[in-house]
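Working notes for the structure below.
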Amino acid sequence: NAGVTQTPKFQVLKTGQSMTLQCAQDMNHEYMSWYRQDPGMGLRLIHYSVGAGITDQGEVPNGYNVSRSTTEDFPLRLLSAAPSQTSVYFCASSQILAGGSEQYFGPGTRLTVT
Amino acid sequence: GENVEQHPSTLSVQEGDSAVIKCTYSDSASNYFPWYKQELGKGPQLIIDIRSNVGEKKDQRIAVTLNKTAKHFSLHITETQPEDSAVYFCAGEASGSARQLTFGSGTQLTVLP
C-alpha cells in the first residue's frame, strides 16, 4: 500500500492564480480531510468528507473548494490564491469507527503565494 | 466547538530523562485523544491514542494519561533518545463530530545527547 499520497510536494503561485492539490489513498478509507499547518498554530481542518459525494466544511474553509467523486481521491482547489494561503497542506484519511481511529497523513504540500 | 491547548511549546531534555507534554480540552463530549509525532518535512504520525473509557495507556517507553473530570491528558516519554526529537501534537475528537480532530499547537521536543 502507498498509503496517502499528495502532489505536488512544493508549489509557488502568484496572487490570483488557481490550482488543485491532489490527494489519494489506497486503504479504502471512508473519511478524508484536508488540514493546513502554520507555525505555532498546529493543524487546522479545512474540509472533510465521510464518503464519496459527501463533503463538509471544517474550521477554516474560506478560499478552498473540495469534491469527492471517488473513495480514493479528495482534491483541494484554490480558486484565487492569496498570500494568506501560504502554508503546508496535509491530507489525511481514516476509517470511521465508533470511538475514533487513526488518521493517516500524507507527506504534505508546501505552498507559497507571492 | 472543541478547543485544545498544549504546553509547553518547546521542551529540552537530556538523553535518558523523561519528557511530559500536557494538553487540556474544552468539550466534555470529546472521547478520543490521539498523539501525533511529526519529524521535519514529514506528515504527522500517530504514536499513541486513548479513549475516554480508559485512564492510562502504555506502549513501551510512551504512555498517555487521561483525566476526564479535569479535562486534561498528558504524554509521557521515558528514557528519551535523540530520535525522539520531533514536534508532538495532541488532539481531541468529540463524539458525533464526524471524525473532526482539533489539534493542539504542538511541542518541539529536543533530546540532548
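For this structure, a couple of remarks:
- Chain A: most fluctuating residue of A:M27, A:M41, A:M19 per GNM, C-alpha cutoff 10 Å: A:M41
- Using θ = phi - 60° and Karplus 6.51 cos²θ - 1.76 cosθ + 1.60, couplings along the stretch A:44-54 (whole Hz; Gly, Pro as x): 10, 6, 9, 9, 8, 9, 9, x, 4, x, 10
- Dividing the mean sequence gap of close Cα pairs (under 8 Å, 6+ apart) by how many residues chain B holds gives a relative contact order of 37 percent.
- Pairwise label distance in nanometres, B:T10 with B:N53, each label 7 Å out on the Cα-Cβ vector: 4.3
- Cα-centred dipole magnitude for the stretch A:19-89, charges only on beta-carbon of K, R (+1) and D, E (-1), debye, nearest 20: 220
- Rounded to the nearest 20 debye, dipole of the stretch B:31-83 from Cβ charges on Lys, Arg, Asp, Glu: 240
- Dimensionless Rg over Rh [the protein assembly as shown; C-alpha; Kirkwood]: 0.97
- Checked against a 25 Å cut-off, the cross-linked pairs B:K22/B:K68; B:K37/B:K68; B:K37/B:K57; A:K9/B:K22; A:K9/B:K57 give Cα-Cα distances beyond that limit for A:K9/B:K22; A:K9/B:K57.
- Between A:S69, A:G42, A:V4, the Cα set farthest toward the positive side of the dipole of chain A (charges on each charged residue's Cβ, about the Cα centre) is that of A:G42.
- The Cα atoms of chain A give a gyration tensor whose axes a ≥ b ≥ c have a/c of 1.5 or more with a/b greater than b/c, which makes the shape prolate.
- Contact order, relative form, for the stretch A:1-65: 23 percent (alpha carbon pairs under 8 Å, 6 or more residues apart, mean separation divided by residue count).
- Simple rule: put +1 on each Lys or Arg Cβ and -1 on each Asp or Glu Cβ in chain B, find the dipole, and look at B:S12, B:G104, B:H76; the Cα lying farthest toward the positive end is B:G104.
- Virtual spin-label span in nm between B:A29 and B:E83, 7 Å along Cα→Cβ: 4.1
- The stretch A:62-113-the stretch A:17-56 distance, computed between alpha-carbon centres (Å): 2
- Chain A: relative contact order as a whole-number percent, Cα under 8 Å and 6+ apart: 35
- Put a dot 7 Å past the Cα of A:N1, heading toward its Cβ, do the same for B:K42, and the two dots end up 1.7 nm apart.
- Counting only Cβ charges, +1 for Lys and Arg and -1 for Asp and Glu, the dipole size of chain B around its Cα centre is about 320 debye.
- Karplus-derived 3J(HN,Hα) values for the stretch A:96-102, using 6.51 cos²θ - 1.76 cosθ + 1.60 with θ = phi - 60°, are 10, 10, 4, x, x, 8, 4 Hz; glycine and proline are entered as x.
- DSSP-defined antiparallel bridges as percent of all bridges, the stretch A:5-114, nearest 5: 90
FYI, it's all coordinate maths here, none of it is from the lab. Quick caveat: nothing in here was measured; it's all calculated off a predicted structure. Neighbour counts run over all protein chains shown; Cβ positions are idealised from the backbone, glycine included.
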